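The structure appears below as structure tokens.
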Amino acid sequence: QVQLVESGGGLVQAGGSLRLSCAAAVRTSSSYAMGWFRQAPGKEREFVAAINWSGSSIFYADSVKGRFTISRNNAKNTVYLQMNSLKPEDTAVYYCARRPVMGIGVKDYEYDYWGQGTQVTVSS
């Protein structure tokens, strides 16, 4: 069983920054791609960013490109999402997830383990 625990969410004003972390409870994520998704109230879950097992391949949703940065530290079994220039439309519950292969993916069904989510609220 893989446990993913997100942290770092909170309330921030528009234009501000937050850094989300996703820690794996067991040493399992180093050989797998990881992704961040988000779900706003009344909306479907959407892809945000993904990173392959080594960090050499990264992909972002158009809505966050240039503002968000995904990274990972395999020695710490942790994936990060640095979010800058936040907008009210970024308000959502953010989830990290593990894709059980080395390459990145953008569909939620490609991911097998999910964290519990962390709330990000951006006020205008």
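For region 1-43, give me the residue count where each residue is more than 20 Å from residue 104 (Cβ to Cβ), part of a loop (DSSP other than H, G, I, E, B) and not polar (S, T, N, Q).
The number of residues fulfilling the criteria is 12.
Among the residues of region 70-90 satisfying the criterion of being over 13 Å from the mean Cα position of the chain (by Cα) and basic (Lys, Arg), which is most open to solvent (accessible area, probe 1.4 Å)? It would help to see each step written out before you state the result.
Within region 70-90, the subset over 13 Å from the mean Cα position of the chain (by Cα) is 73-77, 84-89.
From the residues that got through so far, the ones that are basic (Lys, Arg) too are 76, 87.
Values: 76: 134, 87: 82 Å².
This residue is 76.
Being closer than 16 Å to residue 70 by Cβ, in a loop (DSSP other than H, G, I, E, B) and open to solvent by 30 Å² or more (accessible area, probe 1.4 Å) is the filter here, so list the residues in region 95-119 that pass it.
Listed by number, the residues that qualify are 102, 103, 104, 106.
Among (1) out of contact with any strand residue (DSSP E or B) (no Cβ under 8 Å at 6 or more places or on another chain); (2) more than 19 Å from residue 44 (Cβ to Cβ); (3) free of Cβ contacts under 8 Å to residues at least 12 places away in the same chain, where does residue 85 come up short?
(3)
Considering 98, 67, which residue is within 19 Å of residue 119 (Cβ to Cβ), among the charged types (D, E, K, R) and touching a helix residue (DSSP H, G or I) at 6+ places or on another chain (Cβ under 9 Å)?
Being within 19 Å of residue 119 (Cβ to Cβ), among the charged types (D, E, K, R) and touching a helix residue (DSSP H, G or I) at 6+ places or on another chain (Cβ under 9 Å) holds for just one of 98, 67, which is 67.
The values are calculated or read from the model by the stated rules, or taken from the named source; none is laboratory data. Note that the structure is a prediction, hence the values are computed from the model and not measured. Cβ: placed from backbone, ideal geometry, glycine included. Neighbour counts: every protein chain shown. The protein model used for the area step is the full one, side chains on, heavy atoms only, and it has no ligands, DNA or RNA in it. Shrake-Rupley method; radii C 1.70, N 1.55, O 1.52, S 1.80 Å.
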